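Contents: one structure, followed by commentary.
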Amino acid sequence: MTDRSHDPATAPAVVAARSVRAVAVIGGLALVALGLSACGGPPHAVPRKPSAATSAADMGGMNALVAAAKREGALNGITLARNWANNGGLIDGFEKKYGIRVTVAIPEGHSQDEIDAMKKSKGRPDAPDVLDLGDTFARAAARDNLLARYKVAAYDSIPANQKDPQARWTNNYGGYVSIGCDANRIRTCPRTFADLVKPEYRGKVALSGDPTRAGSGFADVYAAALANKGSFGDIEPGVDFFGDLHKRGNFNPAEATSTGVETRRTPIGVGWDFLNLGYADQFRDKGIDWRVSIPLDATFALYYAEAINKDAPHPAAARLWLEYLFSTEGQNLRLAGYARPVLMDAMRRSGTLDTAAAARLPTVEGTPQFPTDAQLEKSQQTVLQQWERAVRS
């Protein structure tokens with residue numbers, strides 16, 4: 001393993017990088033040719049209303065979709081924290097490009113909060129239009145018939161295992177589970193899950209979210225399972241690992257969000273590399289030397305899915321938002337926030353990738369391997385049933 005220190009002008013976080021066998025939950029990093037045409041076929045003779053449109057073509061093309069979205073004039077987002085995978089840059093870019101106002105409910109909420117909000121606010125003007133969900137939560141929302149079917153222009157360029165075959169959700173960006181550490185407060189920053197059990201980290205190890213409600217926390221537990229002789233089909237060793245941290249006194253129940261890092265409540269945070277690398281940039285001027293490592297004993301990646309509320313109060317703006325997220329501009333904005341866009345390889349081949357931003361990412365090499373849908377669902381049920389007992393008893 002070799003440490004890779006980046007030029008502070010490009011990537012100020014210290015990243016422990018190694019050649020590893022990359023492990024991804026949903027989707028591979030090799031993509032087919034990028035297709036970003038405005039619509040996937042000839043327009044319908046009679047354009048559909050936005051709430052029934054399953055593509056831009058259904059509305060008569062992209063220009064018609066843009067016009068309808070501008071007439072609505074607003075978009076209701078939810079849990080889109082500005083420092084998460086560059087949501088802030090995407091919101092600003094969308095508003096500037098289309099003149100559509102974006103509001104965001106519970107910015108630092110989690111995937112389950114989005115599902116709960118859809119159910120509770122059905123038929124209300126403040127209901128969320130669009131969702132950004134961890135993979136397992138997107139699947140649950142689709143099973144509950146909460147999501148609209150919609151194929152973005154780039155839909156055919158995204159591998160089958162990174163999208164719902166009925167187009168109810170589509171993966172947009174991803175990251176690797178990492179360990180962040182405030183080097184001004186921690187003498188020796190941990191690099192592995194095995195390191196986290198050391199007595200010197202008592203009360204210091206936090207997760208990025210509650211794994212029963214957040215896709216980020218769920219991924220943290222999955223990575224811990226792989227580091228402790230678990231597998232895609234057996235996440236229980238990950239639950240047991242954090243249960244052991246709790247018994248040792250090392251587990252910190254506060255969430256390692258930007259607030260947790262800034263207030264120094266969470267000096268060690270297990271979470272996405274795009275979050276931890278962003279914190280290194282965000283808090284350097286506040287005296288926090290946040291260093292980031294990809295764990296030596298478990299490399300685990302996951303994509304996040306975009307979806308539209310079936311009962312979105314602004315259905316045209318919701319569909320236009322998804323088109324923006326999957327456009328070249330939107331994908332490069334994700335990359336600027338250290339997240340890996342789902343169309344990254346295709347954009348590299350087409351020459352549309354921001355190569356300077358791509359060069360700042362931690363290097364993780366290898367052939368991805370993926371769990372089955374059944375393994376994902378089984379693992380989620382295990383976490384739902386066992387997490388509280390493990391960390392609260």
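Nothing in this text is a laboratory measurement; each read-out follows from the coordinates by a stated rule. This is a predicted model, so every value here is computed, not measured. Don't worry about glycine lacking a Cβ; one is built from the backbone with ideal geometry, like all the others, and counts go over all protein chains shown.
Brief remarks on what is shown
- Taking label positions 7 Å along the Cα-Cβ direction at both Arg48 and Lys96, the computed distance is 3.3 nm, reported to one decimal.
- Unit charges on C-beta of K, R, D, E only; dipole of the range 283-393, Debye: 200 debye
- Within the chain, DSSP assigns beta bridges of which about 65% are antiparallel (rounded to the nearest 5).
- Comparing Tyr98, Gln162, Pro341 along the charge dipole axis of the chain, the residue lying farthest to the positive side is Tyr98, per the Cβ-charge model.
- Cα shape, the range 69-178, gyration tensor, a/c 1.5 rule: rounded
- Of Lys204/Lys286; Lys120/Lys151; Lys120/Lys378, those spanning more than 24 Å from alpha-carbon to alpha-carbon: Lys120/Lys151; Lys120/Lys378
- Available extension along the chain between Asp144 and Ile186 is 10.7 nm, counting 0.36 nm per residue and deducting the alpha carbon span.
- FRET E, pair Arg264, Thr372, Förster distance 56 Å, beta-carbon r, rounded to 0.05: 0.85
- Max mean-square fluctuation residue, GNM over the chain, Cα-Cα springs under 10 Å, options Arg291, Arg168, Arg71: Arg71
- Anisotropy class of the range 260-377 from Cα gyration tensor, a/c 1.5 cut: rounded
- Placing a label point 7 Å from the Cα of Asn161 along the Cα-to-Cβ line, no residue of the range 304-344 has its backbone N under 11 Å from it.
- GNM on the chain, alpha-carbon springs under 10 angstrom: the most fluctuating residue among Thr299, Thr266, Thr363 is Thr363.
- Relative to the dominant Cα principal axis of the chain, helix 87-98 is inclined by about 20°.
- Cα point-scatterer Debye curve for the range 260-315, base-10 log of I(q)/I(0) at q = 0.23, 0.31 Å⁻¹: -0.91, -1.33
- Leading residue at positive end of dipole, the chain (Cβ point charges), from Ala256, Thr79, Ser293: Thr79
- Highest-fluctuation residue, Gly238, Gly209, Gly88 considered, GNM on the chain with Cα pairs under 10 Å: Gly88
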